[in-house]
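See structure below.
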Amino acid sequence: MKLYDGGRAPNPRRTRVFLAEKGIKVPTEQVDLGGLQQKSEAFATINPLMRVPALLLDDGTVLTESIAICRYFEALQPDPPLFGRGALEGARVEMWNRRLELHFLFPVSHVFRNSHPAMKEMEVPQVPAWAEANKPRIIEFITLLDRELKDRRFVSGDSFTVADITGLVSVDFMKPAKLAVPDELVNLKRWHAEVSARPSASA
Ligand SMILES: N[C@@H](CCC(=O)N[C@@H](CS)C(=O)NCC(=O)O)C(=O)O
């Protein structure tokens, strides 16, 4: 088994944090995104979408999409449960993870990819107006998230789940996108401080 990883990029980081929470170690190979190694012929045969993470299994099967990879490991090692326990909890985790992806991680990614000079060769064409259009959407969503976190410890309930991992990488990805969490979002800041202090956060 081999995990194709991508340094500080948010999606490979989601998988690494997930594995660290589970205490699972997987041999990894770094794909140099800055050097556009993901677009090489060799990597395109592993993932034709030319993105990381990608997990190569011993029988040659390749899994891509960070959450699909996380689900694979969840099934192999259910403890600690990071996709919830039972029908309702599982659905709530899925709901919050999707909400965070669609309304937080992806918009922050759009801002970064469409405004940062270092992304010129990866995001073709760069559309600065799309970066600008996403900024108020991010603030609107994290304001909602802040209200939700007023009454609970983690994103989807009382337990740390994959939705917290998506939230953690999204908040941290705001920095290179030159975005900041407004000071008044105190519940979001409290939650971020707590999840950042987990040993897995540095994975
Ligand atoms: N939906 C995919 C997204 C994968 C993705 O976009 N990965 C980025 C790094 S965060 C990438 O490989 N970018 C390379 C590129 O755009 O050329 C997932 O969840 O894994």
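Quick note: the coordinates plus some simple rules give every number you see, no bench work behind them. For clarity, every value in this text was computed on a predicted model and none was experimentally measured. Glycine gets a Cβ as well: all are built from the backbone with ideal geometry, and neighbour counts include every protein chain shown.
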- Query: Restricted to the range 165-198, and to residues that are β-branched (Val, Ile, Thr) and within 20 Å of residue 82 (Cβ to Cβ), which residue is surrounded by the fewest Cβ atoms within 10 Å (Cβ to Cβ)?
  - Reply: 195
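Does the range 4-25 include one or more residues that are away from the ligand (no atom under 12 Å from the Cβ), among the polar types (S, T, N, Q) and over 25 Å from residue 139 (Cα atoms)?
Just the residues of the range 4-25 that are away from the ligand (no atom under 12 Å from the Cβ), to begin with: 17, 19-25.
From the residues that got through so far, the ones that are among the polar types (S, T, N, Q) too are none.
So far as the range 4-25 goes, no, none of its residues is away from the ligand (no atom under 12 Å from the Cβ), among the polar types (S, T, N, Q) and over 25 Å from residue 139 (Cα atoms).
Report whether or not residue 28 is surrounded by 16 or more Cβ atoms within 10 Å (Cβ to Cβ) and either more than 26 Å from residue 161 (Cα to Cα) or within 12 Å of the ligand (Cβ to nearest atom) (or both). If you could, list the steps in order and put the result at the bottom.
Details: surrounded by 16 or more Cβ atoms within 10 Å (Cβ to Cβ): yes; either more than 26 Å from residue 161 (Cα to Cα) or within 12 Å of the ligand (Cβ to nearest atom) (or both): no.
Judged against the criteria, residue 28 is not a match.
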- Are there any pairs with C-beta distances below 8 angstrom linking a residue in the range 52-71 that is within 10 Å of the ligand (Cβ to nearest atom) to a residue that is of a type outside the set (A, V, I, L, M, F, W, C) and in a loop (DSSP other than H, G, I, E, B), with the two at least 6 apart or on different chains, and if so which? 52/6; 53/6; 54/47; 64/47; 64/51; 64/53; 66/53; 69/53
- Task: Name every residue in the range 33-51 that is within 11 Å of the ligand (Cβ to nearest atom), out of contact with any Lys or Arg (no Cβ under 7 Å at 6 or more places or on another chain), farther than 30 Å from residue 84 by Cβ and in contact (Cβ under 8 Å) with a residue 12 or more places away in the chain, in order of residue number.
- Result: 33, 34, 36, 43
